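Colleague: Supplied in structure tokens, the structure appears directly below.
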Amino acid sequence: MHKFFIDGPAGRIETILAEPQTSPRGIAVIAHPHPLHGGTMDNKVVYTLFNSTLELGFIAVKFNFRGTGESEGIFDNGIGEVDDVAAVTQAVQNQFGGHSGKMPLLLAGFSFGGGVQLRAAERLNPQSLILIAPSIQNTNTPPLHEIREHTLIIHGDKDDIIPLNTMLDWAAPYSLPIVVIPGAEHFFHGNLTLLKRIIHKFHKT
């Protein structure tokens, strides 16, 4: 695992990457919660996503959005943050393109990061998505018909930031199933081991 900086559209982007011990099955790019509410790539749910995808054989990548941590720039309300995802993804794909051409891409995100990844998916065409309590309010999300069979959404039924009913109403037109964790609130306190187990089960094949 090592830390480095990527040249992004708003300045350098602080990035951490880890490679699996076996031949990588793809690249997983993970986005963190809202920067203005304390969200960084050190968030515990992001850490769980990072470790889970690494254990599953992905090159795991997490980074700080513009204006967060040591990343340059200022917060851009989820618009420029999509460009940050694209810049990080492109840089890592370029770095590891020699393995077997363009490796499968997994986009993952928690809360605000999940909402950003939904918009990034329209541009980057990932093979799969993992969204943990994604922020879908005021988000013009693109149709997910093409990858809906490879989309994992996990939500807590006690989420008071993004209520479960809001999530269900958003997912219904796409026929997207949601894995609901009873008793879990937005930050999944006490449920990180269960989160990892669900992610592993989803991506075992």
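The values are calculated or read from the model by the stated rules, or taken from the named source; none is laboratory data. Note that this is a predicted model, so its numbers are computed, not measured. Methodologically, a virtual Cβ is constructed for each residue, glycine included, from the backbone with ideal geometry; neighbour enumeration extends over all protein chains shown. To get the accessible areas, we keep the full protein, side chains included, count just its heavy atoms, and leave off ligands, DNA and RNA. Shrake-Rupley method; radii C 1.70, N 1.55, O 1.52, S 1.80 Å.
Colleague: Among residues belonging to segment 78-133 that are β-branched (Val, Ile, Thr) and over 11 Å from the mean Cα position of the chain (by Cα), point out the one that is farthest from residue 47 (Cα to Cα). Walk me through how you get there before you give the answer.
Modeller: Start the filter on segment 78-133 by keeping residues that are β-branched (Val, Ile, Thr), which leaves 79, 82, 85, 88-89, 92, 116, 130, 132.
From what's left, over 11 Å from the mean Cα position of the chain (by Cα): 79, 82, 88-89, 92.
Numbers: 79: 24, 82: 20, 88: 17, 89: 18, 92: 19 Å.
Here the answer is 79.
Colleague: Take residue 64 and tell me if it is open to solvent by 20 Å² or more (accessible area, probe 1.4 Å), more than 21 Å from residue 162 (Cβ to Cβ), of a type in the set (S, T, N, Q) and touching a residue at least 12 places away in the same chain (Cβ under 8 Å).
Modeller: no
Colleague: OK, next. Return yes when residue 130 is open to solvent by less than 30 Å² (accessible area, probe 1.4 Å), of a type outside the set (Asp, Glu), at pLDDT 95 or above and over 23 Å from residue 38 (Cα atoms) and no when it is not. First the steps, then the outcome.
Modeller: Values: open to solvent by less than 30 Å² (accessible area, probe 1.4 Å): yes; of a type outside the set (Asp, Glu): yes; at pLDDT 95 or above: yes; over 23 Å from residue 38 (Cα atoms): no.
No; evaluated as a whole, the condition is false for this residue.
Colleague: Still on this structure, I have one more. Only one of (1) over 16 Å from residue 5 (Cα atoms); (2) surrounded by 19 or more Cβ atoms within 10 Å (Cβ to Cβ); (3) of a type in the set (A, V, I, L, M, F, W, C) fails for residue 75. Which number is that?
Modeller: Just one mismatch for residue 75, condition (2).
Here's the yes/no breakdown for (1) of a type outside the set (S, T, N, Q); (2) open to solvent by 50 Å² or more (accessible area, probe 1.4 Å); (3) assigned to a loop (DSSP other than H, G, I, E, B):
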residue: 4; (1), (2), (3): yes, no, no
residue: 8; (1), (2), (3): yes, no, no
residue: 12; (1), (2), (3): yes, yes, no
residue: 16; (1), (2), (3): yes, no, no
residue: 23; (1), (2), (3): no, yes, yes
residue: 28; (1), (2), (3): yes, no, no
residue: 36; (1), (2), (3): yes, yes, no
residue: 39; (1), (2), (3): yes, no, yes
residue: 53; (1), (2), (3): no, no, no
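Colleague: Quick one: how many residues across segment 166-205 are touching a residue at least 24 places away in the same chain (Cβ under 8 Å) and among the polar types (S, T, N, Q)?
Modeller: Looking only at that region, the number is 3.
Colleague: Do we have residue 107 as out of contact with any Cys (no Cβ under 7 Å at 6 or more places or on another chain), closer than 21 Å to residue 60 by Cα, modelled with pLDDT under 95 and open to solvent by less than 10 Å² (accessible area, probe 1.4 Å) here?
Modeller: No; evaluated as a whole, the condition is false for this residue.
Colleague: Which one of 102, 62 is among the charged types (D, E, K, R) and in a strand (DSSP E or B)?
Modeller: Answer to the selection: 62.
Colleague: Would you point out the residue of segment 150-205, among those that are among the aliphatic types (A, V, I, L, M) and assigned to a loop (DSSP other than H, G, I, E, B), that is modelled with the lowest pLDDT?
Modeller: Only one residue tops the list, namely 176.
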